[in-house]
Amino acid sequence: MKSLFWKDYRINRLLLIFGFVVCVGPWVIAIARHMQLNMRGEGVWWGPEPWVSTSSISLVLSLFTLAMLGGNAIAAERADRSAEFLAYLPVSRWSILAGKSLFALTPAVAIWMVNLAFLFWVAPRLAEGVSAAEMVRRPEVREFFDVFGPVSVLLFGAGWFWSAVLHSHGLATGMSFFTLAVVVFGMIGIEYGLGVDGFFTNESVATVFLIVGISGYIVGCAYYLRRLEP
């Protein structure tokens with residue numbers, strides 16, 4: 001398992017660096033800006049709004065990383081011809097799949113953990129009069145979870161599915177965003193084209209996104225376990 005993990009790391013190390021930069025970069029800029037304004041005596045960043053905005057920017061940029069983590073998971077090893085090598089090793093498909101899942105899901109969870117730590121631990125200590133409990137109660141924070149959570153799951157799961165089906169990890173990543181667009185426009189078409197009132201709501205969109213993302217991951221795993229690598 002350790003050798004499989006390091007193989008996936010070698011294939012995806014540039015992606016991990018990119019993911020770290022786009023996730024933490026907005027926070028580094030935000031904190032530097034806060035310190036600069038604090039030295040000037042300006043209180044622009046003492047409220048919660050700038051920190052919610054920074055989290056949103058960080059997660060918007062990180063959506064590309066999440067899609068690429070799913071898209072690179074399986075197709076990347078076909079691109080560098082290591083899939084054929086794995087087929088000759090005495091390693092079960094389940095072990096390979098478990099290693100890939102662990103490698104891809106760990107950075108995906110870390111992206112969310114970094115943003116939550118900044119939002120609920122760092123920001124309340126830098127923004128005067130703001131507590132973590134107040135952050136949770138704010139409508140912007142609830143929308144933050146309602147939007148970015150389901151979209152993250154869909155992009156990762158769709159990328160994983162297309163990675164299992166396709167040979168190009170770049171195409172698999174692009175198809176994850178295409179899947180997002182198809183689902184959104186499909187739901188809009190059902191409500192406005194077919195006249196199904198109340199179908200395109202925040203709750204239904206989040207539910208459909210989660211179902212599509214989780215289903216994509218499960219179907220992608222099943223397809224990989226049954227697929228014969230050429």
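Of the residues ASP197, ASP8, the one with the fewest other Cβ atoms within 10 Å heads the list, and the complete ranking is ASP197, ASP8. A run of the chain free of exposed loop cleavage sites, with GluC sites (Glu not before Pro) counted only in DSSP states other than H, G, I, E and B and at most 14 other beta carbons within 10 Å, reaches its longest extent at 129-230. Taking only Cα atoms, what is the 0 to 90° angle, nearest 10, from helix 93-117's long axis to the longest principal axis of the chain? Rounded to the nearest ten degrees, it is 10. Work out the FRET efficiency for TRP94 and ARG10 from their Cβ-Cβ distance, taking R0 = 25 Å, and round it to the nearest 0.05. The formula returns an efficiency of 0.70 here. In the chain, if the dipole is taken from +1 on Lys/Arg beta carbons and -1 on Asp/Glu beta carbons about the Cα centre, which of PHE20, PHE177, GLY149 is farthest to the positive end? Highest projection toward the positive end goes to PHE20. Of PHE199, PHE178, the sequence from fewest to most neighbouring Cβ atoms within 10 angstrom is PHE178, PHE199.
With both labels modelled 7 Å from their Cα along Cα-to-Cβ, the SER204 to MET39 distance reads 5.3 nm. Seen against the Cα atoms of the chain and their longest principal axis, helix 169-188 is set at about 60 degrees. Counted residue by residue at 0.36 nm each, then reduced by the alpha carbon distance between them, the extension gain from ARG227 to ILE190 reaches 9.9 nm. Taking each DSSP H run with n ≥ 4 as -39500 (n - 2.57) and averaging over every residue of the chain yields -27500 deg cm²/dmol at 222 nm. Where does helix 49-79 land angle-wise versus the long Cα axis of the chain, in degrees 0 to 90, nearest 10? Between the helix axis and the principal axis of the chain, the angle is about 10 degrees.
Sorting TRP112, TRP27, TRP51, TRP121 from the fewest to the most surrounding beta carbons within 10 angstrom yields TRP121, TRP112, TRP27, TRP51. Calculated translational diffusion coefficient of the chain (20 °C, 1.002 mPa s; Stokes-Einstein with Kirkwood radius over alpha-carbon pairs) equals 112 µm²/s.
With only Lys, Arg, Asp and Glu charged, each at its Cβ (+1 for the first two, -1 for the last two), find how big the charge dipole of the chain is about the Cα centre; round to the nearest 20 debye. Each step should come with its number before you reach the end.
Values: 16 positive and 15 negative charges, 185 e Å.
It comes to approximately 880 debye.
Across the chain, Cα pairs under 8 Å and at least six residues apart give a relative contact order of 27 percent. Computed FRET efficiency, Cβ-Cβ of ASP197 and ARG138, R0 25 Å: what is it to the nearest 0.05? That gives a FRET efficiency of 0.25.
Of the residues SER204, SER53, SER62, the one that moves most in a GNM of the chain with alpha-carbon contacts below 10 Å is SER204.
The numbers here are math on the coordinates, done by the rules we state, and not lab data. On a predicted model such as this, the values are computed, not experimentally measured, just so you know. Positions of Cβ are backbone-derived with ideal geometry, glycine not excepted, and every protein chain shown enters the neighbour counts.
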